[in-house]
Amino acid sequence: MLNVSDLHVAYGPVLAVRGISLTVPKGQIVALLGANGAGKSSTLRTISGLQRPTHGTIEFEGRRIDNIPAERIVQMGISQVPEGRQIFTDLTVMENLRLGAYTRRDGAGIKRDLDRTFTYFPVLGERRGQTAALLSGGEQQMLAIGRALMAKPSLLLLDEPSLGLAPMLVREIFRIVKAINEEEGLTILLVEQNANLALEIANEAYVLETGQVVLEGSAEELRGNEAVRRSYLGY
Amino acid sequence: MAAALLRPRTLGFALLAVVLVIFPYLHGWPVFSAFISEFRTFNATMLAVWLLVVLSMNLLTGYSGQISLGHAAVVLVGAYTAGVLVDQLGVPLPLAILLAGVFTGIAGGVIIGLPAVRLAGPYLAIATFSLVITLPQILKMGGIRNWTNPSRGISIDAVQPPGLVDGFLDERQWLYYITMATAVFMTILAWNLVRSRIGRAFVALRDSEIAAEQMGINVPLYKALAFGISSFYAGIAGGLYFMVLAFVHPESLGFLDSILFLVAIVVGGLATILGSIFGAFFLTFQGELIDELATIIPEAEKLRGVIYGSLLIVVMILFPRGMAGFVQDLVRTLGRITAARRHGGLSSNPPAQDDTNGESDAQGR
Amino acid sequence: MEAIGLAVAGYLDVVVLSTPPPPWEDPSLFAQQVLSGIASGSLFAILALAVVLIYRSTDVLNFGQGEMAMFTTFIAWSFMTQMPLWPAFFLTLLVAAAMGAALERLVLRPVEEAPVLNAVIVTLGLYTIFTGLALRVWGPLPKGFGPFTLDFLFFEIDLAGPVCAGEVCIGKLSVATFVAAVIIMALLFVLFQRTMLGLAMRATAQNRTASRLVGIPVGRMLSVGWGLSAAVGAVAGVFVAQNVGLSTGSLAAILIFAFAAAVLGGLDSPVGAIVGGLTIGVVRNLAGTYVPSEVGSVDLVVAFLLIVLVLMVRPTGIFGRRALRRV
């Protein structure tokens with residue numbers, strides 16, 4: 001579904017990504033693991049069009065998308081849950097979700113997806129009229145995911161959904177993400193520092209270090225890998 | 001040791017010191033007299049005053065992120081405090097200036113800083129703007145008008161050089177030296193301040209109040225402190241302003257000046273000492289610059305506003321970090337070229353950087 | 001930039017000579033002062049709406065707003081020498097909207113990534129440019145501009161002259177200004193609260209990265225915000241100029257109070273702009289009439305003290321509810 005090959009990304013003179021290649025097959029969850037600064041978020045930002053690559057190609061369902069601006073990439077079916085959630089804090093939960101469907105014009109479909117979002121995240125339904133700033137961290141993360149789902153994506157990019165959340169909440173969110181993947185067949189590219197959790201729900205994973213892929217394989221393989229265990233899983 | 005003395009930076013500062021010391025005499029020297037008039041000594045004196053004003057503004061807005069449209073009022077408080085102390089109470093001028101700084105600093109920290117703690121952005125700007133509107137009226141009010149003399153203002157005799165140096169220096173040169181010395185001293189002080197724990201707390205506050213709080217910074221305290229320190233600088237600047245012009249009036253500094261101070265820190269370069277120096281040059285010479293342009297370009301006199309505005313916009317677009325940013329980029333580029341030449345090629349790949357870089361607008365605006 | 005100083009100074013020179021009787025002894029004087037306050041407050045309010053619009057859609061305070069409005073009103077004046085009132089008015093709105101959108105694209109887009117102060121300085125540049133251009137094109141002499149007679153097909157309204165109830169009068173023009181302000185407010189309310197465009201504009205002002213990620217064309221939203229704001233400014237200019245005359249600087253003085261009004265009401269609230277404008281107008285007038293002072297501009301002191309007091313209690317204005325972020 002998504003093919004990234006030899007991707008380079010630079011901010012001014014600083015190279016954040018140098019030659020990453022990866023593949024996300026349809027219906028799977030693929031995890032990008034690695035420490036802070038490994039180039040994970042930059043890769044996601046480049047796929048979603050927020051950042052232009054300096055070199056390399058990105059193909060989505062057979063089409064080159066590496067030179068298409070972010071607002072059009074959403075229309076093509078890629079939706080990103082950005083790092084730090086980036087919800088519209090001054091708007092209500094409902095307004096946030098309506099904005100998620102900004103590119104769509106199918107009223108009935110939007111209504112259906114709204115109900116679906118509320119099924120996955122009942123708390124959002126309860127608080128639909130509330131200003132998003134008043135939500136807890138976990139609820140804000142759910143809102144960010146819900147907002148991304150409202151665009152009816154075929155590929156969801158999830159950037160550090162566990163950031164700053166209590167472990168219990170993180171489990172809950174990961175459970176829902178997995179459920180969405182299984183029930184809807186939604187393809188997910190997940191960036192996570194918490195490798196343990198990510199490998200639990202992912203089918204495949206890539207480990208990044210200083211902007212390059214140092215390891216790749218199925219989730220089980222990586223869980224069994226000595227180096228990964230020592231560096232990222234902590235046992 | 002000798003090598004350290006020869007470093008370009010050290011040499012630069014030494015050269016700057018020499019220029020500052022000999023400047024009031026340059027207009028009398030053969031070559032220089034062609035393009036430096038005696039009046040430039042007065043320009044340079046005002047430049048020192050404006051430097052303190054711009055530093056004051058930069059400490060508050062550039063470093064701490066508190067936008068003030070009322071800074072002219074704060075400087076005016078300093079000038080008036082010095083004026084009243086000298087005129088009414090017979091306090092010696094240097095002491096009066098110091099007291100003006102202290103008084104303005106405390107007043108700024110308490111009267112503006114504490115209430116301003118809850119305000120931000122345009123709300124703070126308009127609240128401080130209220131100061132500029134109301135202060136002249138307050139100075140004219142019943143209780144204090146006997147001190148402030150709003151109809152004619154307060155004037156003093158021009159400062160005379162003390163007996164010791166009399167004969168070597170005329171009044172203009174004497175004013176220049178004491179004003180410039182104060183400005184240089186306080187610039188060095190500011191340079192140290194912004195690199196201290198307090199300065200770093202200011203910057204943290206500016207970048208994100210929430211993050212600053214999480215880092216254990218007492219946000220209200222440091223906000224008030226930013227106003228206090230900034231007002232101290234403004235108060236000293238006001239005192240010097242009074243000394244240099246030997247005059248102060250409720251309308252001496254107003255709304256227009258407040259706006260110009262804001263323009264000066266942005267055009268000079270936010271949150272840098274170098275930028276403050278450029279800002280001071282801007283304040284001193286902006287009027288003259290436009291006058292000069294008007295004599296070169298035909299019809300320009302009628303298009304003054306258009307030229308001025310266009311220049312502002314062009315500078316903002318071409319040099320988003322002000323003149324200081326431009327100079328820093330220039331130095332860096334030159335450095336890279338020399339380094340490349342020395343190593344016989346471009347430097348190798350820089351290291352990968354933190355993921356979050358480049359997310360300049362991540363927080364919205 | 002001297003013009004703005006002069007304009008403000010001009011406002012400062014309202015000298016009240018004698019102390020009037022207290023309100024309970026002369027209620028009609030009181031009522032008259034309140035009405036006059038509403039009249040001047042309507043001017044602040046209508047321009048404050050343009051301030052709110054641009055702040056809510058782009059997160060910038062536009063210091064050039066007053067002079068842009070002045071400039072477009074001069075354009076309206078020129079059109080009116082060529083054609084009837086209504087076509088000239090609507091053509092002016094179109095020109096203003098195009099001008100606003102073009103300015104956003106040309107001079108504000110390039111500083112979008114820089115600190116917000118850079119954008120503020122750019123708007124100050126716009127201020128001096130429009131003052132200078134207007135001087136060059138239309139000259140320094142004030143132009144006669146209204147009050148007009150509005151032709152509504154079936155009936156006509158002459159904006160000249162007052163309407164009175166007993167001894168208390170208000171200019172018809174002031175009533176019209178107030179009505180226009182309320183209509184614009186209602187339109188803005190509908191735009192922001194009831195349309196997808198308005199919602200997208202608010203989102204853009206808040207968080208550009210997130211806006212792009214949900215597919216909002218951020219650049220276009222900013223242009224639309226500036227365009228609409230310039231059009232509202234043009235309406236404000238047309239009304240203000242009928243009240244205070246059409247010359248360079250005439251709107252800059254009003255803009256100061258429009259900023260104050262918008263801040264008092266809450267910068268993101270169209271209702272707040274009207275309430276703030278009227279409050280400042282009335283408070284100024286009453287203070288000028290009833291607070292004894294030998295210096296005359298006590299009205300300003302009281303008005304701005306009120307703003308400071310209100311902000312102490314509500315840091316984002318009376319109706320503002322927005323959590324403040326960077327700058």
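When A:R104, A:R45, A:R85 are checked against the criterion of being closer than 16 Å to C:A210 by Cβ and touching a residue at least 40 places away in the same chain (Cβ under 8 Å), a single residue qualifies: A:R85. Against the condition away from chain C (no Cβ under 12 Å) and over 25 Å from C:S297 (Cα atoms), how does B:R152 come out, does it pass? Answer is no for this residue. Scan the range A:1-34 for residues that are assigned to a loop (DSSP other than H, G, I, E, B) and either among the hydroxyl-bearing types (S, T, Y) or more than 10 Å from chain B (Cβ to nearest Cβ) (or both) and the total you get is 5. The set of residues in the range B:188-219 being in a helix (DSSP H, G or I) and polar (S, T, N, Q) consists of B:N192, B:Q214. Within the range A:56-67, restricting attention to residues that are surrounded by 14 or more Cβ atoms within 10 Å (Cβ to Cβ) and farther than 17 Å from A:S154 by Cα, the residue that is farthest from the other protein chains (Cβ to nearest Cβ) is A:T57.
Scanning the range A:166-224 for residues that are over 13 Å from the mean Cα position of the chain (by Cα) and among the acidic types (D, E) turns up A:E172, A:E182, A:E183, A:E184, A:E200, A:E204, A:E209, A:E216, A:E220, A:E221.
Just one of the numbered conditions (1) more than 10 Å from every other protein chain (Cβ to nearest Cβ); (2) closer than 17 Å to C:N207 by Cα; (3) of a type in the set (S, T, Y) is not true of A:S136: (2). For the range B:199-219, the set of residues classified as farther than 16 Å from B:T272 by Cβ and surrounded by 15 or more Cβ atoms within 10 Å (Cβ to Cβ) consists of B:A201, B:A204, B:L205, B:S208, B:E209, B:A212, B:I217, B:V219, listed by residue number.
The set of residues from the range A:180-235 being within 14 Å of chain B (Cβ to nearest Cβ) and over 19 Å from A:E83 (Cβ atoms) comprises A:Q212, A:V213, A:V214.
Of the residues making up the range C:67-121, those that are outside any helix (DSSP H, G or I) and either touching a residue at least 60 places away in the same chain (Cβ under 8 Å) or not aliphatic (A, V, I, L, M) (or both) are C:T81, C:Q82, C:P84, C:E112, C:E113, C:P115.
Contact map, the range C:132-146: first residue under 20 Å from C:G64 (Cα atoms) and within 10 Å of chain B (Cβ to nearest Cβ), second residue among the aromatic types (F, W, Y) and part of a helix (DSSP H, G or I), Cβ cut-off under 9 Å, separation 6 or more or different chains; pairs are C:G132/B:Y308; C:L133/C:F71; C:A134/C:F71; C:A134/C:F74. Considering B:I133, B:I138, the condition of being within 12 Å of another protein chain (Cβ to nearest Cβ), modelled with pLDDT under 95 and surrounded by 23 or more Cβ atoms within 10 Å (Cβ to Cβ) is satisfied by B:I133 alone. Assess whether A:D115 counts as being among the charged types (D, E, K, R) and crowded, with 23+ Cβ neighbours inside 10 Å. No.
One residue stands out among those in the range A:68-110 that are at the interface with another protein chain (Cβ under 7 Å from one of its Cβ atoms) and of a type in the set (S, T, Y): the one that is farthest from A:L157 (Cα to Cα), which is A:T89. When the range A:146-164 is filtered for residues that are away from every other protein chain (no Cβ under 12 Å), surrounded by fewer than 24 Cβ atoms within 10 Å (Cβ to Cβ) and hydrophobic (A, V, I, L, M, F, W, C), only A:L155 remains.
Among the residues of the range B:152-161, write down those that are exposed (fewer than 11 other Cβ atoms within 10 Å of the Cβ) and farther than 14 Å from B:M243 by Cβ. Scanning the range B:152-161 gives a single hit, B:R152. Of the residues making up the range C:159-174, at least one is surrounded by 21 or more Cβ atoms within 10 Å (Cβ to Cβ), part of a helix (DSSP H, G or I) and within 19 Å of the chain's Cα centre (by Cα). Only a single criterion out of (1) without any contact (Cβ under 8 Å) to a residue 24 or more places away in the chain; (2) at the interface with chain B (Cβ under 7 Å from one of its Cβ atoms); (3) not aliphatic (A, V, I, L, M) is not satisfied by C:T128, namely (1).
A count restricted to the range A:68-82 and to residues that are crowded, with 20+ Cβ neighbours inside 10 Å and without any contact (Cβ under 8 Å) to a residue 40 or more places away in the chain stands at 3. For the range A:216-233, the criterion of being small (G, A, S), surrounded by 15 or more Cβ atoms within 10 Å (Cβ to Cβ) and in a loop (DSSP other than H, G, I, E, B) is met by none of the residues.
Need pairs with beta-carbon distance below 8 Å; first residue more than 23 Å from A:M76 (Cβ to Cβ) and within the range A:152-169, second part of a loop (DSSP other than H, G, I, E, B) and charged (D, E, K, R); sequence gap 6+ or separate chains. These pairs meet every condition: A:E160/A:E83; A:L163/A:E83.
Remark: pairs (first residue in the range C:195-207, under 12 Å from C:I54 (Cα atoms); second residue hydroxyl-bearing (S, T, Y); Cβ separation under 8 Å; 6+ apart in sequence or on different chains) = C:M201/C:S57; C:R202/C:S57; C:T204/C:S57; C:T204/C:T58; C:T204/C:S211; C:A205/C:Y55; C:A205/C:S57; C:A205/C:T58. Residues that are buried (at least 22 other Cβ atoms within 10 Å of the Cβ) and closer than 19 Å to B:V117 by Cβ within the range C:298-319 comprise C:I307, C:L311, C:T316, C:G317, listed in sequence order.
When the range B:253-263 is filtered for residues that are surrounded by fewer than 22 Cβ atoms within 10 Å (Cβ to Cβ) and either in a loop (DSSP other than H, G, I, E, B) or more than 8 Å from every other protein chain (Cβ to nearest Cβ) (or both), the ones remaining, listed by number, are B:G254, B:D257.
The values are calculated or read from the model by the stated rules, or taken from the named source; none is laboratory data. Computed from a prediction, not measured in an experiment: that's the story for all the values here. Virtual Cβ from ideal backbone geometry, glycine too; neighbours counted across all protein chains shown.
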